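Here the structure is laid out as structure tokens; the discussion comes afterwards.
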Amino acid sequence: MDGKPSAHEVARRGIELAREALAARGARARPAGKGFSRNMLTVSLPDGRKALVYVKTRRVGDWQTSTNFGQPRSDESHDEFWLFVDLMGEPDFYVVPASWIENDIYRVHVEYLEKHGGRRRDNPASDHHRITEDRIARWRDCWDRLGLPVKPT
């Protein structure tokens, strides 16, 4: 990507790389929706299962999302994931169970609110949420969570 790509171009590149990485491991991915859900892929896994994968991409800084995704979940779904794509160097991938990241977003946001008297410090109406690499580092290349090999075949 030359110049400064738009957020839409970065997201599209992340989805492209996610589809390539999944295909290299024997899975087929197709778009699951349009508009806001254009970052969602339906993934057909080699063992016949299907998974829903939400792709989040960063080129600089942290991954950006919404506190609306945060929710306490006790179930660990084996067919819903977030795939974080890191384009800050060679592409890196973090395969995170949706239940884990949604719990994490919720927990981190609640902790933030507690530090600031129950409301956002600068803009109470904002639902912005950033996800730093250290929060998801343990999920780097965890393709096995999807039942896929870590290394491309």
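The values are calculated or read from the model by the stated rules, or taken from the named source; none is laboratory data. Every value quoted in this text rests on a predicted model; they were computed, and no experiment measured them. Virtual Cβ from ideal backbone geometry, glycine too; neighbours counted across all protein chains shown.
Take the conditions out of contact with any strand residue (DSSP E or B) (no Cβ under 7 Å at 6 or more places or on another chain) and either free of Cβ contacts under 8 Å to residues at least 12 places away in the same chain or closer than 19 Å to Ala7 by Cα (or both) and apply them to Arg49. Does it pass?
no
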(message) Quick check on my filter: what residues within the range 45-64 are farther than 19 Å from Cys142 by Cβ and of a type in the set (S, T, N, Q)?
(response) Gln64
(message) Which of the strands (runs of 3 or more DSSP E) found entirely inside the range 1-65 contain at least 1 residues meeting this: surrounded by 15 or more Cβ atoms within 10 Å (Cβ to Cβ) and over 14 Å from the mean Cα position of the chain (by Cα)?
(response) 28-31, 40-44
(request) Could you list all residues from the range 70-118 that are modelled with pLDDT of 90 or more, aromatic (Phe, Trp, Tyr) and assigned to a helix (DSSP H, G or I)? (result) Trp100, Tyr106
(request) Inspect all residues belonging to the range 144-151 and state whether any of them is at pLDDT 95 or above, part of a strand (DSSP E or B) and within 17 Å of the chain's Cα centre (by Cα). (result) no
(request) Can you give me the number of residues within the range 61-90 that are farther than 19 Å from Met40 by Cα and in contact (Cβ under 8 Å) with a residue 40 or more places away in the chain? (result) 2
(request) Could you tell me whether Thr132 is closer than 25 Å to Arg13 by Cβ, of a type in the set (Ser, Thr, Tyr), loosely packed, with under 15 Cβ neighbours inside 10 Å and over 16 Å from the mean Cα position of the chain (by Cα)? (result) no
